[in-house]
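Asks: Dumping the structure here so I can ask a few things about it.
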Amino acid sequence: MSLLLFSLSFGLSLWLGLYLLARNSDRPLLNGAGAGLVAYALLLALSYQATLSLANLVALLPPLLWAAAARDLLPAHHPARRWLVAMLGGAGVLSLILISAGAFRPGAGALRLLLSAVSLAPLAVAIVLLLLVPAPDGRADRLRSPILVVLIFFALAAGFYLLPLDLLTQPVALLLMGLDLALLGLLIAAFDAFEEGQTLLPDLLASFSAAVALSLLFGGQIMLAIFLGVGLTPTMVALLTGVLAAAIAIAVFAGELQGWLDTLLLGRVEGRQASELRQAAAASRRADPAADLQRLPFDEFHRLTRRALGHMGSMPRLAASPLAHLPLLSLEGEPTSLDRGRALRALLVDAIDRLRPEENNGFSAGDEWRHYNALYYLYVAGLKPYSRRATHEELNAEEEAALDWFRREVPQRTLYNWQTAAARLIARDLREQLEAAGP
């Protein structure tokens, strides 16, 4: 592989992986896909420098990470998700045992073959589950299907690379894996944008342009030094790889880096406000103001409402929602993206308040309260009853009672169903207001 081809392949795979990780860090689908692309970039770097022992180890990661990402394509709370997680855990433990037993030692052909099969098994199971389990209601079937097709080709390329089949040389299989991963990464980004009701291209091109500019600025100098006299030494290749990785990471995570600097220089409160403004401005690149919310099918409008309710704790994500362009919002002058996010949150809080029965002003666990409880205490009050890491401090008596009730009486899947049903009521309420307001 030539230096130029290596630099292009490494840079593109690393940029796309980091872009997916930065796009929505709370979504397992993007985290698994992004981590898989970053692992592939590392595999490219190790293979190019002939660090075969480490390369063989890293080659096990992309199939496992993409199997973990495929879990998010299955319906929420479907038993298949638990099966896949259990298999991933078992594959990870068995892989560690086989590596400890010497699967990478010379002459350990049977152990190496078993290790490769174990690392590919969860991905094969994920593909079978995606073929058998219907897509969730409202999901983008036209995107889920090509994702599945490319996932199958990636599994084949990973099999050619990992298994001693001798059908393709390892460099060819490695490049085929890269092509499949790049296409998968773009499809996953498009899938996420569709589910969020956002546009993809402006944000994708802005991130790509920044990564290319910084890579050429810093990596180009090292490549000139290599071609003009220093030569292609392992030290210069390692330096080029490190500089490209740093330049791309800075381009992708520029907002987060600036946020850390703002917090350091301005303090926590001012730094958070500056970071929120910057994130809202970035979110405006993803918003689709041309979306016709009045003509949108109700199931699609309901799905967008469900998404917006789930993002009530994040003003930048609310600002990127298509609902931030509802004519029902109370806005003055020329509103910014952050103004639209705040107005959308206020609109959703008012809609949730209209679900509240009027019997009393405290907490109640009655059936007529379940839709209100499922939205208000989770999205407005910010309770996280099923999270082990959440710290619930300074709760009032009403919120304490609600938290205890969720933990003792409400299974997580039941709460999810209540939230979906309540979001449908909110969506119908907003849609009726929208139709009453006229075009």
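The values are calculated or read from the model by the stated rules, or taken from the named source; none is laboratory data. In this text the structure is predicted, and so the values were computed from the model without any measurement. Using ideal geometry, Cβ is built from the backbone for each residue, glycine included, and neighbour counts are taken over all protein chains shown. Areas reflect the complete protein model, heavy atoms only, side chains present, ligands, DNA and RNA absent. Shrake-Rupley method; radii C 1.70, N 1.55, O 1.52, S 1.80 Å.
Asks: Go through 366, 341, 382 for me and flag whichever is farther than 28 Å from residue 283 by Cβ, open to solvent by less than 80 Å² (accessible area, probe 1.4 Å) and not aromatic (Phe, Trp, Tyr).
Replies: On the way: 341 fails: farther than 28 Å from residue 283 by Cβ; 382 fails: farther than 28 Å from residue 283 by Cβ.
From the options 366, 341, 382, the qualifying one is 366.
Asks: In the range 23-38, how many are modelled with pLDDT under 90 and in a helix (DSSP H, G or I)? Even if it seems obvious, please write down each step before you answer.
Replies: From the range 23-38, those modelled with pLDDT under 90 are 23-29; that's our starting set.
From what is left, the residues that are in a helix (DSSP H, G or I) are 23, 28-29.
Looking only at that region, the number is 3.
Asks: Can you tell me how many residues within the range 202-216 are aliphatic (A, V, I, L, M) and more than 13 Å from residue 11 (Cβ to Cβ)?
Replies: To start, the set of residues in the range 202-216 that are aliphatic (A, V, I, L, M) comprises 204-206, 210-214, 216.
Imposing the further condition that a residue be more than 13 Å from residue 11 (Cβ to Cβ) reduces the set to 204-206.
Total meeting the criteria: 3.
Asks: If a residue must be over 22 Å from residue 325 (Cβ atoms), free of Cβ contacts under 8 Å to residues at least 60 places away in the same chain and of a type in the set (Gly, Ala, Ser), how many such residues does the range 180-230 contain?
Replies: 6
Asks: Okay, next question. Can you tell me which condition residue 18 does not meet? The list is (1) in contact with a Gly (Cβ under 9 Å, 6 or more places away or on another chain); (2) open to solvent by less than 10 Å² (accessible area, probe 1.4 Å), and all the others hold.
Replies: Condition not satisfied by residue 18: (2).
Asks: Okay, moving on. Inspect the range 103-115 for any residue being open to solvent by less than 70 Å² (accessible area, probe 1.4 Å), basic (Lys, Arg), more than 22 Å from residue 35 (Cβ to Cβ) and part of a helix (DSSP H, G or I) and give the result as yes or no.
Replies: Filtering the range 103-115 for residues open to solvent by less than 70 Å² (accessible area, probe 1.4 Å) gives 103-104, 108-109, 111-112, 115.
Among the residues that remain, those that are also basic (Lys, Arg) are: 112.
From what's left, more than 22 Å from residue 35 (Cβ to Cβ): 112.
Of the ones still in play, those that are also part of a helix (DSSP H, G or I) are 112.
Yes.
Asks: Return a yes/no flag: does the range 156-167 have any residue that is open to solvent by 30 Å² or more (accessible area, probe 1.4 Å) and within 17 Å of the chain's Cα centre (by Cα).
Replies: First pass over the range 156-167, keeping only residues open to solvent by 30 Å² or more (accessible area, probe 1.4 Å): 156, 160, 163-167.
Next, only the ones that are within 17 Å of the chain's Cα centre (by Cα) stay: none.
Checked against the condition, which is being open to solvent by 30 Å² or more (accessible area, probe 1.4 Å) and within 17 Å of the chain's Cα centre (by Cα), the range 156-167 yields no hits at all.
Asks: Can you say whether residue 50 is in contact (Cβ under 8 Å) with a residue 24 or more places away in the chain and within 28 Å of residue 224 (Cβ to Cβ), as far as the supplied structure shows? Walk me through it before giving the result.
Replies: On the way: in contact (Cβ under 8 Å) with a residue 24 or more places away in the chain: no; within 28 Å of residue 224 (Cβ to Cβ): yes.
Considered against the rule, which asks whether it is in contact (Cβ under 8 Å) with a residue 24 or more places away in the chain and within 28 Å of residue 224 (Cβ to Cβ), residue 50 comes out as no.
Asks: Another question, if that's okay. Just to verify a result, which residue in the range 403-439, among those that are touching a residue at least 40 places away in the same chain (Cβ under 8 Å) and basic (Lys, Arg), is most open to solvent (accessible area, probe 1.4 Å)? I'd like the intermediate steps shown before the answer.
Replies: Initial filter on the range 403-439 (touching a residue at least 40 places away in the same chain (Cβ under 8 Å)): 405, 409, 412-413, 415-416, 418-431, 433-435, 437, 439.
Now narrow it down to the ones that are basic (Lys, Arg): 413, 424, 428, 431.
Numbers: 413: 125, 424: 81, 428: 98, 431: 26 Å².
Result: 413.
Asks: Kindly indicate which of 94, 84, 57 is open to solvent by less than 10 Å² (accessible area, probe 1.4 Å) and either part of a helix (DSSP H, G or I) or closer than 18 Å to residue 182 by Cβ (or both). Walk me through it before giving the result.
Replies: Numbers: 94 fails: open to solvent by less than 10 Å² (accessible area, probe 1.4 Å); 57 fails: open to solvent by less than 10 Å² (accessible area, probe 1.4 Å).
Of the residues listed, the single one that is open to solvent by less than 10 Å² (accessible area, probe 1.4 Å) and either part of a helix (DSSP H, G or I) or closer than 18 Å to residue 182 by Cβ (or both) is 84.
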